[in-house]
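Peer 1: One structure, as structure tokens, below. Some questions next.
The values are calculated or read from the model by the stated rules, or taken from the named source; none is laboratory data. Because the structure is predicted, anything quoted here is derived from the model rather than measured. For neighbour counting, all protein chains shown are included, and Cβ atoms are generated from backbone atoms with ideal geometry for every residue, glycine included. SASA here: full protein model, heavy atoms, side chains in, ligands and nucleic acids out. Shrake-Rupley method; radii C 1.70, N 1.55, O 1.52, S 1.80 Å.
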Amino acid sequence: MAAITYRNASCIYEGSDKLAVDSLNLDIADGEFVVLVGPSGSGKSTALRMLAGLEDIDEGAIEIGGKDMTGVPSKDRDIAMVFQNYALYPTKTVAENMGFALKLRGVPADERRRKVEEAAKLLDLEPFLDRKPAKLSGGQRQRVAMGRAIVREPQVFCMDEPLSNLDAKLRVQTRTQIAALQRRLGTTTVYVTHDQVEAMTMGDRVAVLRNGKLQQFASPSELYDKPVNEFVAGFIGSPAMNLVKLPVVADGVQVSESSTLELEREQLTRLNGLPEVTIGIRPEQLEIVDSGGIEVVVDLVEDLGSEAYVYTHAGSGSGVELVARCNPRTAPKLAETVRLRKHPDGVVHLFHPQTGARI
């Protein structure tokens, strides 16, 4: 186990004029589970591959356990990689797949078997040790790939979207198992995903990347409650935060000709004379009311059983679209006109209309 440090680490691919990872700075504690998340092309997989030694560090440095990894071959970094496509040997049994790296190291057969059986017990793979990968389900194959990494007892686990080939139900089950297993082993883990729900439910801390640049590195709750900019606010949360650019008026922001969303005096002071501002409010912090609030028309109702999400637009050609959470038993009908109001405990986030930075 070891701490990991990215110090202004950058990577650029040959033939490109744009950095794939741009001056990344992260301090990952010993035993921490950190998730790198972002849209396609954000640099998250490249950052992981730089840590694993599969991509060169063109500028800056990456340290594992206080040792600079620049120029150190992947095989000498004491890391174990779990890939998206499992990468199992089809002609070898589960036990042989899990113990193959140890065999290459010259570990005696008895010790290999002991380590494989210990890992198989952790992963509920004991009944399958003599099976070939073709006779396993997708979730079982992914656990075999995990077991192959565990038996090596590395300083660091690197996981590159390991659940993306699984169906939705199995993803939920397996991500729970991976998170619980990591807590049990206490091995420093860097996990890459494009799924923000996966990131929020698994990581001790989450690093959000965009176009190769780090946007925010914080706990899931801090990302959700205090996003540093409009991109993080819109990326974290499902459904996404309502983000609308609106003109500023004396007591708040003008949503439509007849509707104003009031802001607190302290928030108005922070606007510092801006003519318009981007406001952000979570769907669960809007409620449907009989009077007051903002008049909207219902475009779609998503009934999820335990809750419903109502997609609406404000009238008068304002172009304002809002999503609100409500009780599915009392959800409005399609094309119905309703009124939305910020919940008394709801929070309105303010972002600069040009830079997107939190105000």
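Peer 1: Of everything in segment 232-261, what is small (G, A, S) and open to solvent by 20 Å² or more (accessible area, probe 1.4 Å)? Give them in sequence order.
Peer 2: G234, S238, A240, A250, S258
Peer 1: Within segment 260-282, work out how many residues are in a loop (DSSP other than H, G, I, E, B) and either within 31 Å of the chain's Cα centre (by Cα) or farther than 21 Å from L340 by Cβ (or both).
Peer 2: So the count comes out to 6.
Peer 1: Any idea which of V310, V347, V298 is more than 14 Å from V244 (Cα to Cα), outside any strand (DSSP E or B) and β-branched (V, I, T)?
Peer 2: One residue alone meets the criteria, V347.
Peer 1: Open to solvent by 20 Å² or more (accessible area, probe 1.4 Å), among the basic types (K, R) and at pLDDT 95 or above: does that describe R49?
Peer 2: Answer is yes for this residue.
Peer 1: Filter segment 12-26 down to the residues that are of a type in the set (D, E, K, R) and in contact (Cβ under 8 Å) with a residue 60 or more places away in the chain, then identify the one that is least open to solvent (accessible area, probe 1.4 Å).
Peer 2: Filtering first and then ranking leaves D22.
Peer 1: Hey, can you tell me all the residues within segment 296-321 that are at negative phi, open to solvent by 20 Å² or more (accessible area, probe 1.4 Å) and in contact with a helix residue (DSSP H, G or I) (Cβ under 8 Å, 6 or more places away or on another chain)?
Peer 2: Within segment 296-321, D303, L304, S306, E307 qualify.
Peer 1: Residue under question is G293, and the condition is that it be at positive phi and over 27 Å from the mean Cα position of the chain (by Cα); does it hold?
Peer 2: yes
Peer 1: Next question, about the same structure. Anything in segment 322-341 that is under 12 Å from I281 (Cα atoms), open to solvent by 40 Å² or more (accessible area, probe 1.4 Å) and out of contact with any Gly (no Cβ under 8 Å at 6 or more places or on another chain)? List them, or say none.
Peer 2: R325
Peer 1: Of the numbered conditions (1) open to solvent by less than 10 Å² (accessible area, probe 1.4 Å); (2) out of contact with any helix residue (DSSP H, G or I) (no Cβ under 6 Å at 6 or more places or on another chain), V37 satisfies every one except a single condition; which is it?
Peer 2: Of (1) open to solvent by less than 10 Å² (accessible area, probe 1.4 Å); (2) out of contact with any helix residue (DSSP H, G or I) (no Cβ under 6 Å at 6 or more places or on another chain), only one is false for V37: (2).
Peer 1: Output the number of the condition that M200 fails; it satisfies all remaining conditions of (1) open to solvent by less than 40 Å² (accessible area, probe 1.4 Å); (2) under 12 Å from the mean Cα position of the chain (by Cα).
Peer 2: M200 satisfies all of (1) open to solvent by less than 40 Å² (accessible area, probe 1.4 Å); (2) under 12 Å from the mean Cα position of the chain (by Cα) except (1).
Residue-wise test of (1) over 16 Å from I150 (Cα atoms); (2) at pLDDT 95 or above; (3) open to solvent by 70 Å² or more (accessible area, probe 1.4 Å).
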residue	(1), (2), (3)
I28	yes, yes, no
S42	yes, yes, no
D76	yes, no, yes
G106	yes, no, no
L125	no, no, no
R131	yes, yes, yes
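Peer 1: For segment 147-180, which residues satisfy the criterion of being of a type in the set (S, T, Y) and either more than 17 Å from the chain's Cα centre (by Cα) or open to solvent by less than 40 Å² (accessible area, probe 1.4 Å) (or both)?
Peer 2: The answer is S164, T174.
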